[in-house]
Amino acid sequence: MVWSIELYIIKKIVMSREFSKVVLSIHAHPDDAEAWNAGALKLLKDKGYKIVIATFTSGDLGGCNMTMEETARVRIEEARKAAAVLDAEYYMLGGIDGFLYDTKEMRLKTISLMRKVRAGIVFTHLSSDYHSDHRTAANIVETAAMVSSLDTVPVKEKALEVTPLFYHTSPFSLSDPLGTMIVPPHFFVDVTSAIETKKKMLEYHVSQIDLMKHMHKMDDFFGFVLEGNRNYGRMVGVEYAEVYWQRLGGGFQKESQVQNDLSEFLINKNKQS
Ligand SMILES: [Zn+2]
């Protein structure tokens, strides 16, 4: 009897643990956070979270009629302006666009950043994403998050008190690079009320309009991104939605803090069907 009460108390303490209200949205390129994550970031900001946006690269391959150096300058500035919409800090970790490698240096930089900003929540790509830089980013972030609370990691920033909650974002489809359907999103977030903010953030990435025309013959890049959110919205009966998965495997915390704090915007399609 005594034991069961103690276990109950321990369980309550663990269950009610609150993670730092700092969100680190860390992706491969400028505009990734804006395209896949900005709606939820805006809603979390409104709930009192501090938002930090980071990219592994400056997107320096993604320019038209510019050198890589010029493109990097332009895109970093675009990313900074977009982040400022959410009063977010922006960091770029120095990787090369199209050549992002999972190295010891990049893992350490990522751990340093997580610790510096005291991240409680981390968002990044899916490890089955269509873009190789995105997949590499997912691996780096996974490893970094898993060891961010260990004192023995050789970086100067103080270890996090607890491993952050780890979430994945997704681009336009729910399939892997070979077209196979992936595990359905753990939850959809109705971002209809945040869509104007998301548009504003996307629209700072002016350089990508010409790039997408050149690369994919796409005339309306921002419209294309928003159409993706509209498609996800159709799946769950709202105007615009984003999709998310929480990393629930070994090594990660399983609390549903983001889901709880965004409960009024949350649609769990699996439970509805
Ligand atoms: Zn990208």
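Read-outs throughout are calculated quantities, based only on the coordinates presented, and are distinct from any laboratory measurement. The shown structure was predicted, so the numbers you read here are calculated from the model rather than taken from an experiment. For neighbour counting, all protein chains shown are included, and Cβ atoms are generated from backbone atoms with ideal geometry for every residue, glycine included.
Given a cut-off of 31 Å, name the pairs among LYS47/LYS104; LYS104/LYS217; LYS47/LYS158 whose C-alpha atoms lie farther apart than that in the structure shown.
On the way: LYS47/LYS104 35 Å; LYS104/LYS217 37 Å; LYS47/LYS158 27 Å.
Violating the 31 Å limit, Cα to Cα: LYS47/LYS104; LYS104/LYS217.
Around ARG73, with a cut-off of 15 angstrom between Cβ atoms, what is the net charge of the other residues, counting Lys and Arg +1 and Asp and Glu -1? Don't jump to the answer; show the numbers that get you there.
On the way: positive: ARG75, ARG80, LYS81; negative: ASP60, GLU69, GLU70, GLU77, GLU78, ASP97.
Here the charged neighbours net out to -3.
How many angstrom separate the Cα center of region 94-111 from the Cα center of region 185-229?
26 Å
Order by neighbour count: TYR90, TYR232, TYR101, fewest other Cβ atoms within 10 Å first, most last.
Numbers: TYR90 20, TYR232 25, TYR101 12.
In increasing order of surrounding Cβ atoms, one gets TYR101, TYR90, TYR232.
Go ahead and set up a Gaussian network model of the chain, Cα springs under 10 Å, then flag whichever of ALA137, ALA159, ALA28 fluctuates most.
For the chain, modelled as a Gaussian network with Cα springs under 10 Å, the answer is ALA159.
What FRET efficiency would be calculated for the residue pair GLU161, ARG80, taking the C-beta separation as r and a Förster radius of 41 Å, to the nearest 0.05? Intermediate results must be reported in sequence, preceding the final value.
Details: r = 29 Å, r/R0 = 0.72.
That gives a FRET efficiency of 0.90.
Among DSSP beta bridges whose residues both lie in region 19-272, state the antiparallel percentage, nearest 5.
On the way: 9 of 27 bridges.
Approximately 35 percent, going by the DSSP bridge assignments.
Can you tell me how the chain classifies by the Cα gyration tensor, rounded, prolate or oblate, using a/c under 1.5 as the rounded cut? The partial results should precede the final answer.
On the way: a/c = 1.87, a/b = 1.32, b/c = 1.41.
Verdict is oblate for the chain.
Do the alpha carbons of any pairs in LYS21/LYS200; LYS50/LYS198; LYS200/LYS254; LYS116/LYS199 sit beyond 22 Å of each other, and which pairs?
Details: LYS21/LYS200 24 Å; LYS50/LYS198 17 Å; LYS200/LYS254 33 Å; LYS116/LYS199 29 Å.
In this structure, LYS21/LYS200; LYS200/LYS254; LYS116/LYS199 lie more than 22 Å apart at Cα.
Within region 103-164, which GluC sites (Glu not before Pro) sit in a loop by DSSP and count at most 16 neighbouring Cβ atoms inside 10 Å?
Details: sites: GLU105, GLU142, GLU157, GLU161; in loops: GLU157, GLU161.
Of the GluC sites (Glu not before Pro), the ones in loops of region 103-164 whose Cβ has at most 16 other Cβ atoms within 10 Å are GLU157, GLU161.
Report the gain in length on full extension from GLU105 to THR143: 0.36 nm times residue separation, minus Cα-Cα distance, nm rounded to one decimal. Write down the numbers at each step before the final one.
Working: separation 38, 0.36 × 38 = 13.68 nm, distance 1.25 nm.
That works out to 12.4 nm of additional length.
Report, in deg cm²/dmol and to the nearest 500, the calculated mean residue ellipticity at 222 nm for the chain, where each DSSP H run with n ≥ 4 adds -39500 (n - 2.57) and the sum is divided by the residue count. Provide the component values of the computation, followed by the final result.
Working: 11 runs with 119 residues, N = 273.
Per the formula, -13000 deg cm²/dmol.
Return SER170, SER132 ranked ascending by Cβ neighbour count within 10 Å, so the fewest neighbours appear first.
Details: SER170 23, SER132 13.
Fewest-to-most Cβ neighbours within 10 Å comes out as SER132, SER170.
Give me MET212, MET68 sorted ascending by neighbouring Cβ count inside 10 Å, so fewest comes first.
Details: MET212 20, MET68 15.
In increasing order of surrounding Cβ atoms, one gets MET68, MET212.
Give me the net charge of SER25's neighbourhood, meaning all other residues with Cβ under 13 Å from the Cβ of SER25; Lys, Arg count +1, Asp, Glu -1.
Numbers: positive: LYS42, LYS45, LYS50, LYS198; negative: ASP31, ASP32, GLU34, GLU89, GLU242.
Charge balance near SER25 sits at -1.
So which residue, out of PHE224, PHE172, PHE187, gets the largest mean-square fluctuation from a GNM of the chain using Cα contacts under 10 Å as springs?
In this elastic network of the chain, the residue with the biggest mean-square fluctuation among PHE224, PHE172, PHE187 is PHE224.
Springs between alpha-carbon atoms under 10 Å, Gaussian network over the chain: tell me which of VAL191, VAL155, VAL225 tops the mean-square fluctuations.
VAL155
List the residues whose amide H sits under 5 Å from the amide H of TRP245, counting only those 5 or more places along or on another chain, with H placed 1.01 Å from N in the peptide plane.
HIS168, HIS186
Apply the Karplus parameterisation 6.51 cos²θ - 1.76 cosθ + 1.60, with θ equal to phi minus 60°, to every residue of region 220-229 and state each ³J(HN,Hα) to the nearest whole Hz, in sequence, with x for glycine and proline.
Working through the residues one at a time gives 10, 4, 5, x, 5, 4, 5, 5, x, 5 Hz.
Only Cα pairs under 8 Å and at least 6 apart count here; give the relative contact order of the chain as a rounded whole percent. Each step should come with its number before you reach the end.
On the way: 491 pairs, mean separation 59.3, N = 273.
Here the relative contact order equals 22 percent.
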